[in-house]
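Any read-out appearing in this document is the output of simple, stated calculations on the displayed coordinates, not a laboratory observation. Note that the structure is predicted; figures quoted are calculated from it, not measured. Virtual Cβ from ideal backbone geometry, glycine too; neighbours counted across all protein chains shown.
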Amino acid sequence: MTNETYVPRRISRTRHLDVRGLPIQLREWDGDGPPLLLLHGFLDASITFQFLVDAMTQNRRVVAPDWRGHGGSAWPPQGYWLHDYLADLDTIVDALSPDRPVDIVGHSLGGNLVTIFAGIRPQRVRRLASIDGFAMRDTPAQSAPERIGKWLDSLKDTPKERVYASVNEMADRLLAANRRLIRDKAHFLAQNLARPVGSGVAFAFDPKHRRPFPTLHRLDEWAACWEKVEAQTLWIAASDRFEKTPQESRDNFDGRLKHLRHGRGTEIPNTGHNIHHDAPQALARLLEEFLDG
């Protein structure tokens with residue numbers, strides 16, 4: 001087994017920002033011009049954007065936070081709520097660019113959050129792109145008793161986390177989860193996402209994230225926010241999204257996209273959910289063209 005590691009073209013540095021009383025880690029790639037804000041997905045961290053940043057042809061300043069409970073950011077004792085992420089984003093945007101709107105790109109959870117945020121704070125976002133994050137499934141009101149009950153049950157136990165014997169074993173797990181990921185990149189991700197636990201390592205996120213959410217995901221509420229977005233918006237879908245049920249998936253995608261007055265959608269071929277790992281060059285080219293438009 002080889003443990004060759006991807007070598008970044010652009011080196012990042014980290015610092016912490018007090019965000020509503022919680023130390024949040026910001027990762028920065030130095031460059032020119034106003035900041036481009038990158039928002040990672042659920043159970044990920046800012047370092048997962050390294051391949052995308054390296055693929056960019058412009059030497060733009062890039063800033064990526066680790067969400068609360070992820071990466072190098074602190075773990076709040078009370079758990080996690082979607083609205084806390086939005087409040088954190090509001091604080092981070094004000095700290096990075098108090099006087100002008102910013103460009104924001106989010107992946108998965110990050111994409112969902114920025115699209116909602118842009119409807120709540122339309123004056124704070126210049127352009128936004130969501131990478132394979134177009135809201136979660138709508139949950140029926142009838143499921144509320146069961147969902148809340150499961151959440152209450154989960155509070156009685158300490159969430160378990162998977163501990164790996166080594167960084168190499170963690171890299172194997174990443175390779176098994178993504179057939180397009182190559183070993184040097186998997187090792188780089190594992191090396192930078194590993195958190196020491198006893199004699200092994202675990203992924204750098206708070207195990208409390210594994211608890212179920214008691215709140216319902218209401219698509220009509222999300223859509224109401226999307227309809228308030230004033231920024232030019234690009235939704236970028238992974239091609240795998242449309243493989244199993246092509247027509248149903250495309251109808252679902254298009255149906256959500258129509259709520260954005262200035263939105264357009266596109267797809268990158270031969271990609272899974274982690275487009276920024278599978279096709280960083282194609283994604284970087286698409287984003288730079290969009291942000292420059």
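Around Glu267, which amide H atoms from residues at least 5 apart in sequence, or from another chain, sit under 5 Å from its own amide H, with H modelled in the peptide plane?
Residues meeting the criterion, in which the H sits 1.01 Å from N, are Ala237.
Can you tell me which of Ala55, Ala279, Ala95 moves the most in a GNM of the chain? Springs connect C-alpha atoms under 10 Å apart.
The residue that fluctuates most here is Ala95.
Give the shape of the chain as rounded, prolate or oblate, defined through the alpha-carbon gyration tensor: a ≥ b ≥ c are the square roots of its eigenvalues, a/c under 1.5 means rounded, and otherwise the shape is prolate if a/b is larger than b/c and oblate if not.
Rounded.
Give a quick list of GluC sites (Glu not before Pro) in the range 155-243 that DSSP marks as loop, anything other than H, G, I, E or B, with at most 10 other Cβ atoms within 10 Å.
In loop regions of the range 155-243 (DSSP not H, G, I, E or B), the sparsely surrounded GluC sites (Glu not before Pro) are Glu243.
For the range 186-196, take each phi angle, set θ = phi - 60°, evaluate the Karplus expression 6.51 cos²θ - 1.76 cosθ + 1.60, and give the result in whole Hz per residue in order, putting x for glycine and proline.
4, 5, 4, 5, 4, 4, 8, 9, 6, 10, x
Provide Asp184, Asp254 in ascending order of the number of other Cβ atoms located within 10 Å of each residue's Cβ, fewest first.
Asp254, Asp184
Quick check on my link table: of Lys185/Lys244; Lys185/Lys208; Lys150/Lys228, which ones sit more than 30 Å apart, alpha carbon to alpha carbon?
Lys150/Lys228
Need one word for the range 99-209: rounded, prolate or oblate. Basis is the Cα gyration tensor (sqrt eigenvalues a ≥ b ≥ c); a/c below 1.5 gives rounded, then a/b vs b/c decides.
oblate
If each DSSP helix of 4+ residues adds -39,500 (n - 2.57) and the sum is divided by the residues in the chain, what number results at 222 nm, nearest 500 deg cm²/dmol?
Only helices count here, giving -10500 deg cm²/dmol.
What is the range 74-116 by shape, rounded, prolate or oblate, if you read a ≥ b ≥ c off the alpha carbon gyration tensor as root eigenvalues and call it rounded for a/c under 1.5, prolate for a/b larger than b/c, and oblate otherwise?
Since a/c reaches 1.5 but b/c is at least a/b, the shape of the range 74-116 is classed as oblate.
Name the residue farthest towards the positive end of the dipole of the chain from the options Ala135, Val229, Asn270, assuming +1 on Cβ of Lys and Arg, -1 on Cβ of Asp and Glu, about the Cα centre.
The residue sitting most towards the positive pole is Ala135.
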